[in-house]
Amino acid sequence: MFGLWRTFTNVVFYVTLAVGLGGLVGNGLVLWHLGLHIKKGPFSVYALHLAAADFLFLACQVAFSIVQAALGSQDTLYFIVTFVGFAAGLWLLAAFSLELCLSEVFPACYESCRPRHLSAVLCSLLWALTPPAVLLPANACGLLRTSMRLGACVRSHAASVIWLLSLAGVACGAGLVLALWVACCSRRPRPRFYGAVLGSGLLLFLCGLPYVLYWSLRPLLNLLLPLFRPLATLLACIHASCRPLIYLTVGRQPGKRQPLRAVLQRALGHGAQPEPRAPPLPMDAI
């Protein structure tokens, strides 16, 4: 029985490592094309920062997994540092989904009241706020090699759990409202990032929430369900790795083979430029 358990955990470990490496490649391609070759709009800034957060999470996860496999040790510090990237992606996804939903439900008010550089400023602010929001509860609960203060641990951890669940609720709720509005109420064409937001919200609900649950109930789950952590980590890696596949699915045109840059440009930028038509021959004018 012990050998079967060890075999299963090893399989989950190496599958997680493989998914993380694949996600690093996918998010790296999104960062390369969106950061250097595709003209960015207000919403593509969120996609760029989301790819950076997913890349950071997967890079930490892969690096700490290799260290764990090489040294045979597992430190709580690995989980805390990795969770910073996951929390940043969750915060950015909530802001992305909410702003796209507001732009579709209240288009006139949104276009007249939105500051020009809101996306860049908001993303910078979220990046600055995420590390303290993760590290302060971890420090109060003794996860950063400090003594635990029970009262401060309970208060800060409860605030952290409420914050994370609120972000997940905003991301999923905004995507649901957007889907219902586009399907039932709106007469405008679908917004460009409609499919990306809905796919990301569904991925968060299916694959991201177990990782939030593990952060919320880590001591209890480690005691009662020791298998929960590797499975939640695997699902979180799937959540971060599948977002580039969503972009490729949204930007791909059926029946056509196109370069990766053109597909990403259609999904994340302002659409691929139409191919120039050849000038008509003199015989065509007759």
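For Leu245 and Met148, a Förster radius of 30 Å and the Cβ-Cβ distance give a FRET efficiency of 0.15, rounded to the nearest 0.05. The label-point distance for Ala18 and Arg114, in a model that sets each label 7 Å from Cα toward Cβ, rounds to 4.1 nm. Cβ crowding within 10 Å ranks Trp91, Trp163, Trp5, Trp215 as Trp5, Trp163, Trp215, Trp91, fewest other Cβ atoms first.
Charge tally for Cys184 (other residues, Cβ to Cβ under 14 Å; Lys, Arg +1; Asp, Glu -1): +2.
Taking the number of Cβ atoms within 10 Å of each Cβ as an exposure proxy, the fewest-first ranking of His157, His117, His33, His239 is His117, His157, His33, His239.
Using the Karplus relation 6.51 cos²θ - 1.76 cosθ + 1.60 with θ = phi - 60°, the per-residue 3J(HN,Hα) values for region 236-252 come to 5, 5, 4, 4, 7, 8, 8, 4, x, 5, 5, 4, 5, 5, 5, x, 6 Hz, with x marking Gly and Pro. Extending 7 Å from the Cα toward the beta-carbon at both Ala63 and Leu206 defines two label points whose distance is 3.1 nm. Computing Rg and Dmax of the Cα atoms in Å for the structure here picks out one of (i) 19.1, 58; (ii) 18.6, 63; (iii) 21.7, 89, namely (iii). Subtracting the Cα-Cα distance of His37 and Val105 from 0.36 nm times their residue separation leaves 21.4 nm of extension gain. In the chain, helices alone account for a calculated mean residue ellipticity at 222 nm of -25500 deg cm²/dmol, with every DSSP H run of four or more residues adding -39,500 (n - 2.57).
Taking a sphere under 13 Å around the Cβ of Val161 and counting the other residues whose Cβ falls inside, with K and R at +1 and D and E at -1, yields a net charge of +2.
Here the spin labels are modelled as points 7 Å beyond Cα on the Cα-Cβ line, and at Thr7 and Arg188 they lie 5.6 nm apart. For region 9-267, a simple Cβ point-charge model (Lys and Arg +1, Asp and Glu -1, everything else neutral) yields a dipole of about 660 debye relative to the Cα centre.
If you add up the charges near Leu31, with Lys and Arg at +1 and Asp and Glu at -1, over every other residue whose beta carbon is less than 14 angstrom from its beta carbon, what do you get? Overall, the nearby charge balance is +2. Farthest towards the positive end of the charge dipole of the chain, among the residues Val250, Thr7, Trp32, is the Cα of Val250, using unit charges on the Cβ of Lys, Arg, Asp and Glu. Put in order of Cβ neighbour count within 10 Å, fewest first, the listed residues Phe228, Phe106 become Phe106, Phe228.
Readers should treat all values here as calculations from the given coordinates under stated rules, not as data from a laboratory. Here the structure is a predicted model, which is why all the values come from computation and not from measurement. Quick reminder, even Gly has a Cβ in these numbers, built from the backbone with ideal geometry, and neighbours come from all protein chains shown.
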